[in-house]
1. Roughly to the nearest percent, how much of the accessible area of the chain is carbon and sulfur, given a 1.4 Å probe?
2. Before anything else, pin down the relative contact order of the range 40-166: Cα pairs under 8 Å, at least 6 apart, normalised by residue count, whole percent.
3. Counting Lys and Arg as +1 and Asp and Glu as -1, what is the net charge of the other residues whose Cβ lies under 12 Å from the Cβ of Gly130?
4. Which values of log₁₀ I(q)/I(0), to two decimal places, follow from the Debye formula for the chain at q = 0.14, 0.15 Å⁻¹ with a uniform point scatterer at every Cα?
5. Quick one: what Rg and Dmax do you get for the range 30-95 from the alpha carbons, in Å?
6. Excluding Ser101 itself, what net charge comes from residues whose Cβ is under 13 Å from its Cβ, given Lys and Arg +1 and Asp and Glu -1?
7. Can you tell me which of 116-126, 191-201, 157-167 comes out highest on packing, and rank the rest after it, using the mean Cβ neighbours within 10 Å?
8. Can you give the angle from 0 to 90° between the axis of helix 122-142 and the longest principal axis of the chain, with both taken from C-alpha atoms, to the nearest 10?
Amino acid sequence: MGLAFKPYKDSPDYNVIDVILDRHSVSPKRLDFPGPDEIQIHTMISAAAAAPDHGKLRPWRFIQFPTEHRKALADIFEAALLERLPAADQDSLNRAREKASRAPVLLGLILNLNADATIPHIDDQIASGGAALQNLLLATHAMGFGARALSGQAVRTNVFRKALGLSDSETFLCFIAIGTPTAAPKRNQRPAPETILSQWNGKPNT
Ligand SMILES: Cc1cc2nc3c(=O)[nH]c(=O)nc-3n(C[C@H](O)[C@H](O)[C@H](O)COP(=O)(O)O)c2cc1C
């Protein structure tokens, strides 16, 4: 199509469009130390907090799982698997536990949807959570780290919800594993803009 818009070419600032177009997920198996330090995590969370938020409801929050508490998280993953599959074998339980130790930094994103808010659509709140997640992923990528959002089955179990003290209105949307990529990324092909953009013809359906 010959549409290669490159803004801020002469800007001394990092080109945000390049960061967005270059971002890709990195499997937690390929995320090693060093992870982001406290100040870098603070910047990432600040980026998340810049997400659009209809009505300033802040319908989401983050939680960090420090490395010293990963064994306790592994115990929860094991119990969550047993809740779903009481006859799970030892290999499956070990695999469930291993998920807790991957990636130097592990965050969780919790949605708290307010059905009684004056904002008319609850979808606005879900979209705000998605924007917070994407802002965080972009900031992570811009700072040279790799990351991946992961939900998995455990997060919807009663065991997991109770262990994290989630309220009835809260949903654990996903973990975000962050670290230094150890291998070249596997890049997903993106949809061509013309396949996801159409022009309305101005004639309402009747
Ligand atoms: C909220 C959320 C939860 C996700 N959970 C998982 C998951 O449990 N397992 C998985 O393989 N991918 C999961 N993904 C998808 C990956 O994080 C990633 O986006 C996908 O592999 C596409 O890679 P890309 O980000 O490079 O396009 C999830 C994505 C989102 C937004």
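The values are calculated or read from the model by the stated rules, or taken from the named source; none is laboratory data. Everything quoted here is computed from the prediction, not taken from an experiment. Reconstructed Cβ throughout: ideal geometry from the backbone, glycine too, with neighbour counts over all protein chains shown. Side chains are part of the model used for accessible areas, which takes the heavy atoms of the whole protein and leaves out ligands, DNA and RNA. Shrake-Rupley method; radii C 1.70, N 1.55, O 1.52, S 1.80 Å.
1. Details: 7150 of 13280 Å².
In the chain, the share of accessible area belonging to carbon and sulfur is 54 percent.
2. Working: 132 pairs, mean separation 52.1, N = 127.
That works out to 41 percent.
3. Details: positive: none; negative: Asp53, Asp123, Asp124.
So the environment of Gly130 carries a net charge of -3.
4. -0.97, -1.07
5. For the range 30-95, the Cα-based Rg and Dmax read 17.2, 48 Å.
6. On the way: positive: Lys29, Arg70, Lys71, Arg95, Arg97, Lys99, Arg102; negative: Asp32, Glu68, Asp75, Glu78, Glu98.
Residues near Ser101 contribute +2 overall.
7. Working: 116-126: 12.8, 191-201: 7.5, 157-167: 14.5.
Descending packing order for the listed peptides: 157-167, 116-126, 191-201.
8. Computed tilt is about 90 degrees.
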